[in-house]
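Before any comments, here is the structure.
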Amino acid sequence: MTGASGPRTELQVMRRFDPKRLWALVRKESMQAMRDPSTLLIAFALPVVLLLLFSYAVSLDVRAVRIGVVQESESASAQSLAAAFAGTRYLDVTFVHDRREVADRVVSGDLRGFVVIPQDFEQRLAARGAQPLVQIIADGSQPNTANYVANYAQGVVQTWRAGRDIETPRAVVTLEPRYWFNAELESRRALVPGAIAIVMTIIGTMLTALVVAREWERGTMEAVLSTPASVTEILIGKLLPYFVLGMLATLGSTALAVFVFGVPLRGSLAALLLLSATFMVPALGQGLLISSVTRNQFLAAQIALFSGFLPAFMLSGFLYEIDAMPAPIRAITWLIPARYFVSSLKTVFLAGDIWVVLLPNLLAMAAIGFLFFLLAKRSTRKNLE
């Protein structure tokens, strides 16, 4: 019994957590990451490219929509309404006198719609609502833009008509809308914080899955697992350098967002870093689990794309409102860590340190991360056995 328990006790001593051994593993992984150009490219160049794209190339703001105004009537009132269309910054107006001149341009996509001021415009104006004043035709192949064209055109007509109405209304109601957190309604201020979540997902999930899967593929992971280092030391040593890369990417992205793209940071930097560090837990855990299960770079990249990047991009509330999704899809979003991170980033940047919102998101990300790491550790132990 003593002889049988001797080796087991010695193995337990060798497997005991050792900070020096952990530091050696961290140094090894850090040096390996620094020698890999693709790692540095993904960690430092890709965030800049993504933020530039989401700041300038991707915009949900619809301004200077190209439309035509067909002025069939030459009356003074028709000319005044046409001038009102020309005076709005939301529309880029082309004036013609025959609708056939703009119909083909709508078909080709050069114009998004047109407004017809009919020949009997004066009679319609005198009828006071008996007939619509103008005809609005929009390109329905782009539904969102078509809605903008119709709403902008109706708003111009209503504002113009209200300005000409000399009769004193019996009741005057003035609406003064106020927009909290993003008074200018600039989509950039919502997109750039969300883009940081996409950057962190790429670094945490996709990069980790690729790098660790490459070691499984080359057989170096088995060599590391055969050393006296414990599974916990190996996992921490593998992931800590990428955790640091993710935090550096967060700082760089935040600096770009605030100082280059003009996105306000109304919360504290400490809260932002806490959120980012917590999100890196499920991101790294998911990447580690993918690599441990697949042990193949190509397969790991595909799974990381479909289970990490695409859900973070489409189901996190980054571009599409979660409340507008079908109920089964909304239920799936509760399992996506990026959902909580995107919400938290928008809160910190645009509203401030609202801990009533941030704390539940932190707990959810930590719980999902703990589950990923538990599964990854169990899978790695099975591979060791």
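Listing for the model above:
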read-out	value
Charge dipole of the chain about the Cα centre (unit charges at C-beta), most positive-ward option of VAL356, ILE196, VAL212	VAL212
Theoretical ellipticity at 222 nm over the chain - DSSP helices of four or more residues, -39500 (n - 2.57) apiece, nearest 500	-19500 deg cm²/dmol
Count of lysine pairs in the chain with Cα separation under 25 Å (8 or more residues apart, or interchain)	8
Packing-based ranking, highest mean first, of 152-162, 192-202, 135-145 given that Cβ atoms within 10 Å are counted	192-202, 152-162, 135-145
Sequence ranges 33-41, 210-218, ranked by mean other-Cβ count within 10 angstrom, highest first	210-218, 33-41
Gaussian network model of the chain, springs between alpha carbon atoms under 10 Å - residue of ARG63, ARG330, ARG188 with greatest fluctuation	ARG63
Under 12 Å, Cβ to Cβ, from ALA213 - net charge with Lys/Arg +1 and Asp/Glu -1	+2
Neighbour cut-off at most 13 other Cβ (10 Å), DSSP loop, GluC sites (Glu not before Pro), the range 26-119	GLU74
Total charge dipole magnitude, the range 264-385, about the Cα centre, Cβ charges on Lys, Arg, Asp, Glu only, Debye to nearest 20	360 debye
The range 65-164: antiparallel DSSP beta bridges as a percent of all, rounded to 5	30 percent
Angle in degrees between helix 143-164 and the longest Cα principal axis of the chain, rounded to the nearest 10	40 degrees
Cβ-based exposure ranking for ARG89, ARG164, in which fewest neighbours within 10 Å come first	ARG89, ARG164
The chain, relative contact order in percent, only Cα pairs under 8 angstrom and at least six apart counted	19 percent
Cα-centre dipole for the range 65-164 with unit charges at Cβ (Lys and Arg positive, Asp and Glu negative), debye to 20	360 debye
Charge dipole magnitude, Cβ of K and R +1, D and E -1 - the chain, Cα centre, debye nearest 20	1580 debye
Listed values [x] 21.4; [y] 31.0; [z] 24.9, entry calculated as Kirkwood radius over Cα pairs in Å	[z]
Degrees separating the helix 2-14 axis from the principal Cα axis of the chain, which is the longest one	40 degrees
Cα long-axis angle, helix 231-259 against the chain (0 to 90 degrees, to the nearest 10)	30 degrees
Among beta bridges that DSSP assigns inside the chain, antiparallel share in %, nearest 5	30 percent
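Readers should treat all values here as calculations from the given coordinates under stated rules, not as data from a laboratory. Please read these numbers as outputs of a predicted model, since none were measured by experiment. We place every Cβ from the backbone using ideal geometry, glycine too, and count neighbours over all the protein chains shown.
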